[in-house]
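Everything below concerns the one structure shown next.
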Amino acid sequence: MDLRRKLVVHEFVDRGISGAKGREHRPAFDALWQGVGRKDFDVVMVWAVDRLGRSLQHLVNFLTELHAKKVDPFIHRQGIDTTTPGGKALFGMLGIFAEFERSMIQERVKSGIKRFRKDKPDKLWGRRPIEIAQPGIGERIKALRTEGKSMRAIANELQISSRTVWKIINRAEAELRQALSAS
């Protein structure tokens with residue numbers, strides 16, 4: 001395939017989103033898939049197989065969709081041209097290795113967390129609670145909620161997640177119920 005004469009129509013980039021996520025969690029990948037469906041282009045060039053996905057099933061589905069629409073994928077790093085039977089086979093094998101690599105990363109992370117918790121049982125794992133990272137945030141959340149603001153409005157105003165707002169408000173309500181029942 002002579003790629004020198006191809007025009008780049010669009011670049012699809014999902015920054016900071018894992019290739020292990022499904023299409024519904026990767027807006028640029030979803031847009032690419034939709035472009036394939038509309039036949040907006042005849043070649044999909046990608047840096048490496050693991051940028052497309054880390055699940056063999058997702059990769060095979062994507063490759064099947066590409067071929068059904070007569071769109072050829074080209075994987076730059078591995079130099080794979082999937083218009084050939086050998087290229088298709090290699091693409092499948094690389095998908096298997098991408099899935100294996102993801103599993104190995106998951107195991108290493110779980111092992112590291114387990115070791116951390118064993119070695120330092122008195123230390124907290126993960127992000128610091130927001131009340132420590134932003135002192136006084138709980139009082140600001142409670143005050144805004146007392147003003148009648150919604151959880152989402154509070155989250156937007158304080159630039160935090162609505163889940164964090166929900167968690168702090170629920171904790172405050174539970175403490176109030178416990179204090180009232182103790183009296």
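The values are calculated or read from the model by the stated rules, or taken from the named source; none is laboratory data. All values reported here derive from a predicted model rather than from experimental measurement. In this analysis, Cβ positions are derived from the backbone assuming ideal geometry, glycine residues included, and neighbour counts consider all displayed protein chains.
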Notebook entry, point to check: Which residues, taken from the range 109-132, are part of a helix (DSSP H, G or I) and surrounded by 10 or more Cβ atoms within 10 Å (Cβ to Cβ)?
Noted result: 109, 110, 111, 112, 113, 114, 115, 116, 117, 130, 131, 132
Note to self: Tell me yes or no: at least one residue of the range 31-52 is on the phi < 0 side of the Ramachandran plot, surrounded by 20 or more Cβ atoms within 10 Å (Cβ to Cβ) and among the basic types (Lys, Arg).
What the structure shows: no
Notebook entry, point to check: Just checking, how many residues over the range 133-166 are surrounded by fewer than 14 Cβ atoms within 10 Å (Cβ to Cβ) and of a type outside the set (S, T, N, Q)?
Noted result: 10
Next item on the list: Give the number of residues within the range 133-172 that are within 30 Å of residue 110 (Cβ to Cβ), small (Gly, Ala, Ser) and assigned to a loop (DSSP other than H, G, I, E, B).
Entry: 1
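Just to check your reading of the model, which residue among 145, 140, 117 is among the charged types (D, E, K, R), free of Cβ contacts under 8 Å to residues at least 12 places away in the same chain and not assigned by TED's automatic domain parsing to the domain that holds residue 67?
Working: 145 fails: free of Cβ contacts under 8 Å to residues at least 12 places away in the same chain; 140 fails: free of Cβ contacts under 8 Å to residues at least 12 places away in the same chain.
117 is the lone residue from the list that is among the charged types (D, E, K, R), free of Cβ contacts under 8 Å to residues at least 12 places away in the same chain and not assigned by TED's automatic domain parsing to the domain that holds residue 67.
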Note to self: I'm told residue 89 meets every condition in (1) over 21 Å from residue 8 (Cα atoms); (2) under 21 Å from the mean Cα position of the chain (by Cα) except one. Can you identify the failing condition by its number?
What the structure shows: (2)
Next item on the list: Just give me the residues in the range 131-148 being over 29 Å from the mean Cα position of the chain (by Cα) and within 18 Å of residue 171 (Cβ to Cβ), in sequence order.
Entry: 135, 136, 139, 140, 142, 143, 144, 145, 146
Check: What are the residues in the range 64-87 that are crowded, with 19+ Cβ neighbours inside 10 Å and out of contact with any Asp or Glu (no Cβ under 9 Å at 6 or more places or on another chain), if any?
Finding: 80
